[in-house]
Amino acid sequence: MKVLLVVHDLSLTGAPRVILDLFEGFGRAIELRVLALRGGPLSSRLSKTDWREISALIGPQPRRPDRKLKLLRQRNSVKSWMANFAPDVVYINSAASLPVLNQDLLPLAPVLFHAHEMGFVLNEYVRPVREQFLSLPAKYVTVSQAAANDLLRLGVDESKVEIINACIPFESWTPKPRKEAHPVVGGAGLPQWRKGVDLWLLAAKEVATRLDGKVKFRWVGYADDYDSWTAKEKSKILGLEKVVEWIPLCENPGDHYQAFDIFLMTSWEDPCPLVVLENMALEKPVIAFPDGGGAAEELGETGVLTSRRNVHEMADKVCELLADPEGAKRLGEAARLRVQEHFTVEKLAPRLLEAVRTTAQSRDRR
């Protein structure tokens, strides 16, 4: 079975990472080609895969005739490359890849759309291509019940929607002993608005005040961009320069997660965050809000859920867990077991492969 995988980029963020993990889990069941709207460091994982980057085709169009001609030749080359491949399925990974629907590029084949977004972000990506989004895919896969509910609100046919949770390569996430002198409370992700970094900083302020500064808050995922700069500036305004540490986005964030005593999940919307699964697998107790996405579904009974957006209660729970290391240890051990039982590539890749096969068979039913 031949699959053309469309990804919005090859960055170190969740959606491209998890889909490459899953496709590697398919083994030899599929023949893969990848169309990337933009490149990135994960391109190193495609060394044995035929792939193309089309950032020039989806960006601002040139005015000079020679550049227009060059772009036309590139477009025709990409279309020919895809047509010669003749995929059985076009797999559009994440709503951030939906701009490809406006490019007159994709070959005729059944489409599977995999939503890694929800709420505001999903709506904004769908809005310019709403008609194609609702009519083109033969199947929609999403990562949590919370995210599925948002697909239905957009008008997607419920019979076409399947929930297949995010997952991780479990064997790559083994807990190691901590070596920190002070307690460390973690956060992670690009510090965009939806990650709730403001809420995380407010909780940090309250915990640091209660513990007289004898705690560190460490955010993994800092980037050289406006969102990161403003997050860092807010931490300074709150007087947290000596409490909060910003770790750059990196290929192996688990090396930094190992130092955490607790992971604090503060996202406004996050459908099924990998960072929660990764910290659970490392036996880190997770504190999260009950709304805002799939974290509560991931945690089940193995984490701590506070009231909605209540940073004071979140600070309470941080202090309680830091004062009860045995209780925190039990939560962490239960969390790791839950990931092993429900959220591994080994368990979920077969389900996704079956969804791809079902999508391919829809060609025969048309």
Failed item in (1) within 17 Å of the chain's Cα centre (by Cα); (2) loosely packed, with under 15 Cβ neighbours inside 10 Å, with residue 348 passing the rest
(2)
For the stretch 155-209, name all the residues that are part of a helix (DSSP H, G or I) and among the hydrophobic types (A, V, I, L, M, F, W, C).
170, 193, 197, 199, 200, 201, 202, 203, 204, 207, 208
Mind checking which strands (runs of 3 or more DSSP E) fall wholly inside the stretch 1-101 and carry at least 1 residues that are crowded, with 19+ Cβ neighbours inside 10 Å, touching a residue at least 24 places away in the same chain (Cβ under 8 Å) and in contact with a strand residue (DSSP E or B) (Cβ under 6 Å, 6 or more places away or on another chain)?
2-7, 31-36, 89-93
Quick one: is residue 333 under 16 Å from residue 257 (Cα atoms) and either outside the structural domain of residue 215 (by TED's automatic domain parsing) or assigned to a helix (DSSP H, G or I) (or both)?
yes
Does the stretch 172-193 hold any residues that are of a type in the set (Val, Ile, Thr) and within 27 Å of residue 118 (Cα to Cα), and which are they?
185
Return the total of residues in the stretch 265-282 being surrounded by fewer than 23 Cβ atoms within 10 Å (Cβ to Cβ) and of a type in the set (Asp, Glu).
2
The one condition residue 146 fails out of (1) among the aliphatic types (A, V, I, L, M); (2) at pLDDT below 95; (3) in the same structural domain as residue 126 (by TED's automatic domain parsing) is (2)
Name the residues in the stretch 211-229 that are surrounded by 15 or more Cβ atoms within 10 Å (Cβ to Cβ) and either more than 28 Å from the chain's Cα centre (by Cα) or of a type outside the set (Lys, Arg) (or both), would you?
211, 215, 217, 219, 220, 221, 222, 223, 227, 228
Right, residue 215: modelled with pLDDT of 95 or more, more than 22 Å from residue 290 (Cα to Cα) and not assigned by TED's automatic domain parsing to the domain that holds residue 270 or not?
no
Taking the stated definitions as given, is residue 156 modelled with pLDDT of 95 or more, surrounded by 18 or more Cβ atoms within 10 Å (Cβ to Cβ) and either more than 27 Å from residue 117 (Cβ to Cβ) or of a type in the set (Asp, Glu) (or both)?
no
May I ask you to list the residues in the stretch 236-264 that are buried (at least 23 other Cβ atoms within 10 Å of the Cβ) and free of Cβ contacts under 8 Å to residues at least 40 places away in the same chain?
243
Just to be sure before I move on: is residue 288 surrounded by 18 or more Cβ atoms within 10 Å (Cβ to Cβ), of a type in the set (Gly, Ala, Ser) and in the same structural domain as residue 87 (by TED's automatic domain parsing) in the structure I sent?
no
Might you let me know whether the stretch 119-137 holds any residue that is in a loop (DSSP other than H, G, I, E, B), surrounded by 20 or more Cβ atoms within 10 Å (Cβ to Cβ) and free of Cβ contacts under 8 Å to residues at least 40 places away in the same chain?
no
With respect to residue 112, is the statement that it is farther than 21 Å from residue 268 by Cα and in contact with a Ser or Thr (Cβ under 6 Å, 6 or more places away or on another chain) true?
yes
Of the residues 228, 235, which is of a type in the set (Ser, Thr, Tyr) and touching a Pro at 6+ places or on another chain (Cβ under 6 Å)?
228
Looking only at residues that are within 20 Å of the chain's Cα centre (by Cα) and hydrophobic (A, V, I, L, M, F, W, C) in the stretch 169-185, which one is surrounded by the most Cβ atoms within 10 Å (Cβ to Cβ)?
173
Assess whether residue 150 counts as being within 17 Å of the chain's Cα centre (by Cα) and more than 30 Å from residue 318 (Cα to Cα).
yes
For the stretch 298-348, how many residues are touching a Cys at 6+ places or on another chain (Cβ under 6 Å) and either under 17 Å from residue 284 (Cα atoms) or not aliphatic (A, V, I, L, M) (or both)?
2
Give the stretch 289-316 a look and list any residue that's at pLDDT 95 or above, farther than 17 Å from residue 148 by Cβ and in contact with a Pro (Cβ under 9 Å, 6 or more places away or on another chain), or say none.
302, 303, 304, 305, 306
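The values are calculated or read from the model by the stated rules, or taken from the named source; none is laboratory data. Bear in mind the structure is a predicted one, so any value in this text is a computation, not a measurement. Positions of Cβ are backbone-derived with ideal geometry, glycine not excepted, and every protein chain shown enters the neighbour counts.
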